[in-house]
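Engineer: Have a look at this one.
Laboratory data are not the source of any read-out in this text; all were calculated from the coordinates shown. The structure displayed is predicted, hence computed values, not measured ones.
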Amino acid sequence: MTEIVPVSGPELVTYADELAALLIESVEGGASVGFLAPLDRTAAANWWRERATAVEEGSQQVWIARDDERVAGTIGLVRAALPNARHRAEVAKLIVRPSARGRGIGRALLTAVERSAAAQGLTLLVLDTETGSDAERLYSAAGWSPCGSVPGYAADPYGTLRATTFYYRALGRPEASAQ
């Protein structure tokens with residue numbers, strides 16, 4: 001049974017090593033999530049630990065998918081910092097362990113973020129992903145709208161520049177949050 005749970009800053013520090021293993025496994029499997037292979041375990045764990053302050057301050061949220069007490073996936077939500085963008089956030093680092101893919105974990109993580117964002121009064125979510133990736137198919141199937149692609153936007157784990165497609169998901173009436 002997979003359980004999706006939000007984590008606090010201190011919990012994120014506790015999970016950092018396990019999240020580092022998830023990140024490394026995903027990067028080695030070709031996932032374009034901002035890191036190049038080979039990814040050092042210490043550097044990966046430190047990257048997660050560095051997010052803890054933002055989680056405690058409320059500018060970022062992180063959820064994990066636990067599968068038999070093992071981290072099977074993660075997703076983040078990064079709040080926009082500027083006053084004119086407080087109605088939106090970016091979905092970041094949707095990662096599912098390669099051995100756990102195809103079981104609906106990615107969709108469950110995405111749904112958890114969407115529900116939480118809506119409950120917080122956010123009306124717009126954005127994200128980006130490698131064009132043609134499995135993640136792109138997930139976002140399309142989940143009702144996200146593509147809004148453009150940029151060639152050569154980010155390097156894949158092996159350093160090759162790839163196109164990135166940007167997506168958005170409206171959660172409510174944007175004009176309602178502008179008041």
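Engineer: Between segment 100-114 and segment 8-33, how many Å separate their Cα centres?
Structural biologist: 16 Å
Engineer: Just to be sure I understand: with springs between alpha-carbon atoms less than 10 Å apart, which residue in VAL78, VAL27, VAL150 has the highest mean-square fluctuation in the Gaussian network model of the chain?
Structural biologist: Looking only at VAL78, VAL27, VAL150, the biggest GNM fluctuation is shown by VAL150.
Engineer: Only bridges with both residues in segment 29-150 count here: give the DSSP antiparallel percent, nearest 5.
Structural biologist: Numbers: 14 of 17 bridges.
Bridges in segment 29-150 that DSSP calls antiparallel: roughly 80 percent.
Engineer: Which whole-number percentage describes the relative contact order of segment 1-85, with Cα contacts under 8 Å and a sequence gap of 6 or more? Working shown, then result.
Structural biologist: Working: 114 pairs, mean separation 32.2, N = 85.
This gives 38 percent for segment 1-85.
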